[in-house]
Amino acid sequence: MTESVVRENQLIKRTLDDLPQPKGWPLLGNFLQLQSKKLHQVLEQWCLEYGNTYKIDIAGLLFVVIADPVVVKDILRRRPKSFNRTASLERVFKELGIHGVLSANGESWKRQRRLIMPAFSKKSLASFFPLLEQTTERLRLRLVKKKGQDTLAIHDDLRRFTVDITTSLVFGHDTRLLEHDGDGLQKHLEVIFPQLNSRTRMPFPYWKYIKFKKDRKLDQALIEVEKYALKIVEQTRDELQFNPQLADAPETILQAMVAASDDNNRLTNEELFANILTLLLAGEDTTSNLIAWMLYFISQRPDIQCKINEEAEQIRLKHKGQINVQGLDELTYLEAVARETLRLKSTAPMISAETVDQVTLLDGTELPAGTGLFLMTRLGGLNPEHFKDAEQFRPERWQEEAVAAEACPHKATSHFPFGGGARHCPGETLAFMETKMVIAMLCQQFDISQPESPPVVEEYAITMRPKNLQICLQLKTVGK
């Protein structure tokens, strides 16, 4: 949608009653159609059938689905003043005692976000780089030990990697999951995220009255993670008491949160636990999914693996045989591979939101306060009007010389893999750092391919992951 069309559409007002809606069931509406693990694909397909703005009925609750990139961008820009997290998301997170920065709104969100952001600054992440190197080496050693396996369900190894990274960054505690085969913390995190996704889509909180096996597993997982988190909180309090200088120059996110001691900023143990869990879930799931999807694509393209390795070797030669922090920024082709992956297989293909007050969208749609929204953040990147050969995996389109020449159209603002506005994902830079380190290491050490196996499909559980992904890693010979 061009700006001129937006201005024209602003003159054509419409309300919820005017919006098209997919056919549903009596009383349940579209509820049953939306219980699939392909929720995002169902909504994307309906966008193609009913247009960029339509409504859905979830057992009597109306939501509006929005796909036009211009309208989505404007909504993201106007968060949190005009649009908040949905009430259902906030309710579920509060019920479970994990109401942190991800689900918070208003002043609570501002206060918690302010405490978290310094840890994701360029300076902080640069100081964190040595641990990123060490953890990448642990992943390499773990995979080398598995080299005799015909196929590898590598997603488990990637999640261990991202949990080790995230726990170190958040509270300075290295879980070292890559060095043993026990599940521990990772097992509990894998229970929590899918159940959060399921509950936010339920119109009725049945778990308050009857609990099934999956609900009991969720309760137990939260208990175990809370024990772990609060133990670390107490250790952090002791560290700050023993070394008060850490309050002025905290080394971890948790130290920064605990050190915020004035009455306006003090976080309760419940808030600390909520934010620890939020950061663990976000850091573990989104980045491991991005790396997994990158492997899905490059395992089918030996030529791309060669280009990645050639670029990485040039950077290593330039920086005394290794990739340092500066060298990561210089891996421009590898970043292009990551951005092309996010275009086609965004780990966050949709975002939920809710109107704070009555609002008129850029396309002329008038919505009352409290209207739930699904913002389709991936669909614009799949549109051939926004990207040439949109269905093809072409990392080169993200390189400056390509964008300036034959890759047009190339509308980078047509999709939003990290959200936008004031609630833009703070972990974007860290995600690219982790991704570049892992993929550069894998392309240096292994020839990567895919075995004959069931088709890889998209599976949605707040983030979007590859299901059935199997990888073959062939250790390269010396000098190859």
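The values are calculated or read from the model by the stated rules, or taken from the named source; none is laboratory data. In this text the structure is predicted, and so the values were computed from the model without any measurement. Note that each Cβ is placed from the backbone with ideal geometry, even for glycine, and that neighbours are counted across all protein chains shown.
So for the stretch 92-112 (the condition being in contact (Cβ under 8 Å) with a residue 60 or more places away in the chain, surrounded by fewer than 19 Cβ atoms within 10 Å (Cβ to Cβ) and assigned to a helix (DSSP H, G or I)), does at least one residue qualify? Yes, that holds for at least one residue. Of the residues making up the stretch 42-75, those that are of a type outside the set (Val, Ile, Thr) and under 22 Å from Pro203 (Cα atoms) are Leu43, Glu44, Trp46, Tyr54, Lys55, Asp57, Ala59, Gly60, Leu61, Leu62, Phe63. When the stretch 198-211 is filtered for residues that are surrounded by 13 or more Cβ atoms within 10 Å (Cβ to Cβ), assigned to a helix (DSSP H, G or I) and out of contact with any Asp or Glu (no Cβ under 6 Å at 6 or more places or on another chain), the ones remaining, listed by number, are Ser198, Arg199, Thr200.
Does the stretch 59-71 include one or more residues that are among the charged types (D, E, K, R) and either surrounded by fewer than 15 Cβ atoms within 10 Å (Cβ to Cβ) or more than 27 Å from the chain's Cα centre (by Cα) (or both)? No, every residue in the stretch 59-71 fails to be among the charged types (D, E, K, R) and either surrounded by fewer than 15 Cβ atoms within 10 Å (Cβ to Cβ) or more than 27 Å from the chain's Cα centre (by Cα) (or both).
For residues that are of a type in the set (A, V, I, L, M, F, W, C) and crowded, with 16+ Cβ neighbours inside 10 Å, scanning just the stretch 304-325, find the one that is nearest to Gln41 (Cα to Cα). The extreme case among them is Ile304.
Each residue in the stretch 383-402 was checked for being among the polar types (S, T, N, Q) and in contact (Cβ under 8 Å) with a residue 60 or more places away in the chain, and 1 pass.
So which of Leu230, Leu279 ends up being touching a Ser or Thr at 6+ places or on another chain (Cβ under 8 Å) and modelled with pLDDT under 90? Matching residue, one of Leu230, Leu279: Leu279. Met1 meets the conditions (1) modelled with pLDDT of 90 or more; (2) not in a helix (DSSP H, G or I) in every case but one. The failed one is (1).
Just give me the residues in the stretch 19-31 being surrounded by 12 or more Cβ atoms within 10 Å (Cβ to Cβ) and in contact with a Phe, Trp or Tyr (Cβ under 7 Å, 6 or more places away or on another chain), in sequence order. Listed by number, the residues that qualify are Leu19, Gln21, Pro22. Across the stretch 161-184, the qualifying residues are those that are of a type outside the set (Gly, Ala, Ser) and more than 21 Å from Gln255 (Cα to Cα), and the one among them that is modelled with the lowest pLDDT is Asp183.
Number of residues in the stretch 375-389 that are within 27 Å of Thr360 (Cβ to Cβ) and either in contact with a Phe, Trp or Tyr (Cβ under 6 Å, 6 or more places away or on another chain) or surrounded by fewer than 15 Cβ atoms within 10 Å (Cβ to Cβ) (or both): the value is 2.
Considering the stretch 212-248, the residues that are part of a loop (DSSP other than H, G, I, E, B) and in contact with a helix residue (DSSP H, G or I) (Cβ under 9 Å, 6 or more places away or on another chain) include one that is surrounded by the fewest Cβ atoms within 10 Å (Cβ to Cβ), namely Asp248.
Within the stretch 76-93, is even one residue of a type in the set (Lys, Arg) and more than 20 Å from Glu366 (Cα to Cα)? Yes: the stretch 76-93 contains one or more residues that are of a type in the set (Lys, Arg) and more than 20 Å from Glu366 (Cα to Cα).
Comparison of Ser346, Ser352 shows that the only residue that is buried (at least 16 other Cβ atoms within 10 Å of the Cβ) and farther than 30 Å from Glu226 by Cβ is Ser346. Candidates are the residues of the stretch 113-130 that are under 16 Å from Phe432 (Cβ atoms) and not hydrophobic (A, V, I, L, M, F, W, C); the one that is surrounded by the fewest Cβ atoms within 10 Å (Cβ to Cβ) is Lys122.
Considering only residues in the stretch 278-303 that are assigned to a helix (DSSP H, G or I) and of a type in the set (S, T, N, Q), the one that is surrounded by the fewest Cβ atoms within 10 Å (Cβ to Cβ) turns out to be Thr278. Note on the stretch 73-89: residues that are part of a helix (DSSP H, G or I) and either surrounded by fewer than 19 Cβ atoms within 10 Å (Cβ to Cβ) or basic (Lys, Arg) (or both) total 3. Hey, among Ala431, Ala461, Ala440, which residue is under 13 Å from the mean Cα position of the chain (by Cα), surrounded by 21 or more Cβ atoms within 10 Å (Cβ to Cβ) and of a type in the set (Gly, Ala, Ser)? Step by step, each of Ala431, Ala461, Ala440 is checked, and only Ala431 is under 13 Å from the mean Cα position of the chain (by Cα), surrounded by 21 or more Cβ atoms within 10 Å (Cβ to Cβ) and of a type in the set (Gly, Ala, Ser). When each of Thr167, Thr175 is tested for being free of Cβ contacts under 8 Å to residues at least 40 places away in the same chain, surrounded by 15 or more Cβ atoms within 10 Å (Cβ to Cβ) and not charged (D, E, K, R), the lone residue that passes is Thr175.
Here Thr477 does not qualify as within 25 Å of the chain's Cα centre (by Cα), at pLDDT below 95 and either polar (S, T, N, Q) or surrounded by fewer than 19 Cβ atoms within 10 Å (Cβ to Cβ) (or both).
Report yes if some residue within the stretch 125-133 is without any contact (Cβ under 8 Å) to a residue 40 or more places away in the chain and either under 30 Å from Gly60 (Cβ atoms) or not in a helix (DSSP H, G or I) (or both); otherwise report no. Scanning the stretch 125-133 turns up no residue that is without any contact (Cβ under 8 Å) to a residue 40 or more places away in the chain and either under 30 Å from Gly60 (Cβ atoms) or not in a helix (DSSP H, G or I) (or both).
Just one of the numbered conditions (1) closer than 25 Å to Thr286 by Cβ; (2) surrounded by fewer than 21 Cβ atoms within 10 Å (Cβ to Cβ); (3) touching a Phe, Trp or Tyr at 6+ places or on another chain (Cβ under 9 Å) is not true of Leu328: (2).
From the set of residues in the stretch 282-333 that are of a type in the set (D, E, K, R) and without any contact (Cβ under 8 Å) to a residue 24 or more places away in the chain, which is nearest to Asn468 (Cα to Cα)? The selected residue is Asp303.
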